[in-house]
Structures are given as C-alpha cells and as structure tokens.
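Right, one structure below, let's go through it.
The values are calculated or read from the model by the stated rules, or taken from the named source; none is laboratory data. Bear in mind the structure is a predicted one, so any value in this text is a computation, not a measurement. Don't worry about glycine lacking a Cβ; one is built from the backbone with ideal geometry, like all the others, and counts go over all protein chains shown.
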Amino acid sequence: MVLLPTNRVVLTKSITAKEGKVEQANIFDEGKELRDKGIKQAAQHAEDEYENWHEKASQFLFNYARTHKEFPFSGEMVRNASRDKVPRPPSLRAWGSVMVYGLKVGWIKQVGYVKVVNPKAHRANAALWESCI
C-alpha cells in the first residue's frame, strides 16, 4: 500500500524493474481491464443472440434518461424498466456496455453509488446515474 500526498490510498500489486526503472502496477488497473473485458464479452454475446441489441438498449437508455430527469437512477432501474421493450440479453452484464456508452456520449453522468436490489448480486454497490439530456 502506498500513501499519496493527498491521503489517497493506492494498492499496488507488485514492483518490477523495467529498463532500469522501478514500476508499481496498480491493482485497480487490472480490475478495470477485467471489468471492460467482461462488459465487452457480455455485449458481444447479446449481439450474437439478438441483432442490434446494443442499439435497441442504447435507444431505450436515451429515452429513459430523457424522461427521468427528476431523480438519479441505477442501471438496474433502467434494465428493469426495459422489460418487454428490449430483449433480455444472455447476461445482464451486457447492460454495462449500454451505461458506459451513455456516459461517453454525455447522456448520463455518475453521481454516486447505490446498493442493487437483485438478490443474486448480494447487495453489491452499483453506479448511480443522473440524466444530462
């Protein structure tokens, strides 16, 4: 563990020597890479099962954000509202790609975290979003 001047804690996985320099691998980098890989894999699986799934889900997110400006919402809330409107992907993690897309194009912004309701997720933390539309 390394304490930075801002009192922020950074966990490091290992220290390696590379070209005469010492590098510390941030374990959060590996976690981010694995998250992104899982999101991509789940989204591709959804596309394999349902043609244009991502496009349909993204359009749903756009409309949801446009009509839900009065309070923050979770991806789980968006996903639940999409029932009977967007095909259910093989893995619900595919919705992660939709939320990341919405963030990148400026439809939503993250404003905090919320505990998910889905019992299979064991009350895990999830992003809380706000509409920017």
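For the reader, a short list of remarks on this structure follows.
- Cβ-Cβ contacts under 6 Å between residues 6 or more apart (or on different chains), taken from a first residue in segment 69-84 that is farther than 13 Å from G102 by Cβ to a second residue that is in a loop (DSSP other than H, G, I, E, B), are listed as E76/V116.
- Which numbered condition R93 misses (of (1) modelled with pLDDT of 95 or more; (2) surrounded by 13 or more Cβ atoms within 10 Å (Cβ to Cβ)): (1)
- Which listed residue, of R66, R123, is at pLDDT below 95 and either over 23 Å from E33 (Cβ atoms) or not in a helix (DSSP H, G or I) (or both): R123
- Flag if E76 is acidic (D, E), surrounded by 17 or more Cβ atoms within 10 Å (Cβ to Cβ) and part of a helix (DSSP H, G or I): yes
- Pairs are defined by a Cβ separation below 9 Å, a sequence spacing of at least 6 or placement on different chains, a first member in segment 95-120 that is in a helix (DSSP H, G or I), and a second member that is among the aromatic types (F, W, Y); the pairs so defined are V98/F60; M99/W129; Y101/W107; G102/F62; G102/W129; L103/W129.
- Selection of segment 97-120 for residues being surrounded by fewer than 18 Cβ atoms within 10 Å (Cβ to Cβ), of a type in the set (G, A, S) and in contact with a Leu (Cβ under 9 Å, 6 or more places away or on another chain) yields only G112.
- For segment 71-119, residues that are under 14 Å from C132 (Cβ atoms) and charged (D, E, K, R) total 2.
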